[in-house]
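Here the structure comes first, spelled out in structure tokens, and everything after it is commentary.
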Amino acid sequence: MPVDLITRRSQLTRRLEAIDTRLHEIEDELESHQTKDWEDLATEREGDEVLEGMGRTGQHEIAMIKAALTRMDEGEYGACTTCGNPISEDRLDVLPFTPFCRNCAP
């Protein structure tokens, strides 16, 4: 049974809010480092690299979600942006923001 667009939009919007919250937490964590001890500072820097990577991943996912919401607004959601064929419900269940069908996915 296909999932309706209202449910998909709600799913994407909740995910967008969760990522935004997490990115603010990451930003706060990155700004909170005040250590003057070299050993602690080195450990914090390693952690910062992980946090920055998580931040980049989150920003990418936000862009993908916003693009999916735009496709919904334009009536193009669920169609592959490459070939135009429908994206399977199973694929959208796993990746609700994907613009590609299984065959066109990079």
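Bear in mind that the values in this text are calculations on the coordinates, not laboratory data. Computed from a predicted structure; not experimentally measured. Neighbour counts are summed over all protein chains in view; Cβ atoms, including those assigned to glycine, are modelled from backbone coordinates with ideal geometry.
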**Prompt:** Taking the Cα-to-Cβ direction at ALA18 and at HIS60 and moving 7 Å from each Cα, how far apart do the two end points lie in nm?
**Reply:** 1.9
**Message:** For ALA79, what residues show an amide H to amide H distance below 5 Å, using hydrogens built from the backbone and excluding near sequence neighbours?
**Reply:** ILE87
